[in-house]
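The structure appears right after this line, and notes come after that.
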Amino acid sequence: GDKDNGWSVTVQPSSKTGFADATAALEKAGYTQQAGATQTKAVYTNDKYTVAVGTPGVSVTYTITAN
(Lines give C-alpha, C1' and ligand atoms only; values in the text may rest on other atoms or scores of the structure.)
Protein backbone atom coordinates (compact mmCIF):
# COMPACT_ATOMS: atom_id res chain seq x y z
CA GLY A 1 0.00 0.00 0.00
CA ASP A 2 0.85 3.66 0.21
CA LYS A 3 -0.10 6.79 2.14
CA ASP A 4 -2.99 7.65 -0.20
CA ASN A 5 -4.58 4.18 -0.27
CA GLY A 6 -3.52 2.72 3.07
CA TRP A 7 -1.91 -0.61 3.85
CA SER A 8 -3.24 -4.08 4.51
CA VAL A 9 -1.43 -7.07 5.95
CA THR A 10 -2.56 -10.47 7.20
CA VAL A 11 -0.44 -12.42 9.65
CA GLN A 12 -0.65 -15.97 10.92
CA PRO A 13 0.14 -15.81 14.67
CA SER A 14 1.82 -18.72 16.36
CA SER A 15 -0.93 -18.88 19.00
CA LYS A 16 -4.72 -18.75 19.02
CA THR A 17 -4.64 -15.44 20.91
CA GLY A 18 -3.46 -13.39 17.92
CA PHE A 19 -6.44 -11.02 17.87
CA ALA A 20 -6.26 -10.36 21.62
CA ASP A 21 -2.50 -9.87 21.35
CA ALA A 22 -2.95 -7.44 18.44
CA THR A 23 -5.52 -5.29 20.23
CA ALA A 24 -3.45 -5.27 23.44
CA ALA A 25 -0.39 -4.13 21.48
CA LEU A 26 -2.34 -1.30 19.83
CA GLU A 27 -3.65 -0.13 23.21
CA LYS A 28 -0.16 -0.32 24.72
CA ALA A 29 1.11 1.82 21.81
CA GLY A 30 -1.42 4.53 22.70
CA TYR A 31 -4.19 3.79 20.20
CA THR A 32 -7.80 4.37 21.30
CA GLN A 33 -10.43 1.74 20.58
CA GLN A 34 -13.50 3.10 18.79
CA ALA A 35 -17.08 2.12 19.62
CA GLY A 36 -18.53 -0.99 18.02
CA ALA A 37 -15.70 -3.45 18.65
CA THR A 38 -16.54 -7.15 18.74
CA GLN A 39 -14.57 -10.28 19.58
CA THR A 40 -13.45 -10.53 15.94
CA LYS A 41 -12.99 -6.94 14.77
CA ALA A 42 -12.08 -3.55 16.17
CA VAL A 43 -10.95 -0.12 15.03
CA TYR A 44 -8.22 1.87 16.77
CA THR A 45 -7.03 5.42 16.18
CA ASN A 46 -4.27 7.79 17.15
CA ASP A 47 -3.30 11.21 15.78
CA LYS A 48 -1.70 9.75 12.64
CA TYR A 49 -3.39 6.45 11.80
CA THR A 50 -6.61 4.44 11.89
CA VAL A 51 -6.09 0.70 12.25
CA ALA A 52 -8.87 -1.79 11.63
CA VAL A 53 -8.07 -5.23 13.05
CA GLY A 54 -10.06 -8.32 12.23
CA THR A 55 -9.82 -12.07 12.47
CA PRO A 56 -11.74 -14.67 10.51
CA GLY A 57 -10.27 -17.39 12.74
CA VAL A 58 -6.61 -17.63 13.69
CA SER A 59 -5.10 -15.17 11.18
CA VAL A 60 -5.22 -11.43 11.92
CA THR A 61 -5.70 -8.75 9.28
CA TYR A 62 -4.63 -5.16 9.81
CA THR A 63 -5.89 -2.37 7.55
CA ILE A 64 -4.08 0.91 8.18
CA THR A 65 -5.00 4.33 6.82
CA ALA A 66 -3.40 7.72 7.44
CA ASN A 67 -5.66 10.27 9.14
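The values are calculated or read from the model by the stated rules, or taken from the named source; none is laboratory data. All values reported here derive from a predicted model rather than from experimental measurement. Glycine also receives a Cβ, built like all others from the backbone with ideal geometry; neighbour counts cover every protein chain displayed. Ligands, DNA and RNA are excluded from the accessible area calculation, which covers all protein heavy atoms including side chains. Shrake-Rupley method; radii C 1.70, N 1.55, O 1.52, S 1.80 Å.
Summary table
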quantity	calculated
Net charge dipole size for the chain [Lys, Arg +1 and Asp, Glu -1 on Cβ; Debye, nearest 20]	140 debye
Å² of accessible area per residue within the chain, as computed with a 1.4 Å probe and no ligands counted	67 Å²
Candidate values [x] -0.40, -0.64, -1.32; [y] -0.33, -0.56, -1.31; [z] -0.44, -0.63, -1.10, label of the one derived for log10 I(q)/I(0) by the Debye sum over Cα atoms at q = 0.13, 0.17, 0.28 Å⁻¹	[y]
The chain - percent of accessible surface contributed by carbon and sulfur, probe 1.4 Å	51 percent
Non-local Lys pairs in the chain, i.e. 8 or more apart or on different chains, that have alpha carbons under 21 Å apart	5
